[in-house]
Amino acid sequence: MVFGLGFILGPALGGWLGAIDPRLPFWGAAALSLLNACYGFFVLPESLPREKRAPFAWKRANPVGSLVLLRSHHELFGLATLAFLGYLAHAVLPSIAVLYMGYRYGWDTASVGLMLAGVGVAAMIVQGLLIRPLTARFGERTMVLAGLLCGATGFAIYGVAPQGWIFCLGIPIMAFWGLAGPATQALMTRRVSGSEQGRLQGAMASINGVTGLIGPTLFTQIFAHFIGAQAGWQLPGAPFLLAACLLLIGAGLAWRVTRSGP
């Protein structure tokens with residue numbers, strides 16, 4: 001729900017600050033990041049009991065060292081690969097979504113802001129109201145598979161939609177992709193001990209960071225190629241279609257690695 005609220009408030013706040021000074025949105029983001037770090041350090045309690053905490057070691061306290069944990073169990077490695085594909089697919093949204101909407105539909109900043117608000121509302125409904133009851137009824141494995149398939153369908157709609165209103169039809173479908181993340185995380189945490197939960201979170205952050213390096217270059221170059229004069233086939237939605245393929249591969253992987261149960 002907080003994630004969805006951010007999608008609603010973020011564009012409006014960023015646009016208001018940007019109208020005052022183009023640099024203010026970046027300073028605002030930095031201030032919020034610092035506030036978030038202070039809140040985590042001074043307010044949030046440590047959830048792991050002291051007796052279950054692993055001793056500190058520099059060889060684990062780095063992005064590369066944390067990834068070693070993911071090879072300790074073949075199912076854990078498969079789920080981590082699934083997470084990598086999901087993070088990479090998600091990178092298409094901040095990388096080219098605004099460019100795509102302006103290029104293909106001619107939307108102005110107000111229209112883009114309203115669309116992002118719609119994304120936020122849909123995400124809030126799924127994350128705040130539906131994840132818990134649906135997971136309790138159908139289980140994490142079903143939620144992972146259903147979420148990935150919904151995400152792939154939403155990306156496919158984004159990629160082929162000839163008009164803006166058809167693009168918007170993909171928003172509520174895409175929102176159900178939010179079912180996959182928490183379910184994947186739950187399946188992964190069951191495959192490590194209590195003393196390794198922090199290492200697992202660090203490994204997942206490392207994977208997210210790697211996709212943050214790869215995704216923007218990958219998707220912007222694909223977008224530039226398929227709208228350029230050199231392209232034999234003009235397909236501006238190609239980055240979204242690639243993201244849909246990544247999630248379909250992830251769904252196949254999830255089905256395979258979770259067959260044995262939690």
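In table form, for the structure just shown:
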item: Any hit, segment 206-216, residues being in contact (Cβ under 8 Å) with a residue 24 or more places away in the chain and more than 17 Å from S95 (Cα to Cα); result: yes
item: Count - residues of segment 215-249 that are loosely packed, with under 14 Cβ neighbours inside 10 Å and at pLDDT 90 or above; result: 3
item: The listed residue being part of a loop (DSSP other than H, G, I, E, B) and free of Cβ contacts under 8 Å to residues at least 12 places away in the same chain, out of W165, W233; result: W233
item: Yes/no for W255 being out of contact with any His (no Cβ under 6 Å at 6 or more places or on another chain), of a type in the set (F, W, Y) and within 22 Å of R191 (Cβ to Cβ); result: yes
item: Segments classed as helices (runs of 4 or more DSSP H), wholly inside segment 1-110, with at least 3 members that are farther than 30 Å from I171 by Cα and modelled with pLDDT under 90; result: 24-42, 63-67, 74-90
item: Matching residues in segment 173-214 - criterion: being modelled with pLDDT of 90 or more, in contact with a Leu (Cβ under 7 Å, 6 or more places away or on another chain) and surrounded by fewer than 18 Cβ atoms within 10 Å (Cβ to Cβ); result: I214
item: Neighbours by Cβ (under 6 Å, 6+ apart or cross-chain): first from segment 102-122, among the aromatic types (F, W, Y); second not in a loop (DSSP other than H, G, I, E, B); result: Y105/G164; W107/M101
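The values are calculated or read from the model by the stated rules, or taken from the named source; none is laboratory data. Predicted, not measured: the structure shown is a model, and the values here were computed from it. Heads up, the Cβs are rebuilt from the backbone with ideal geometry, glycines too, and the neighbour counts pull from every protein chain shown.
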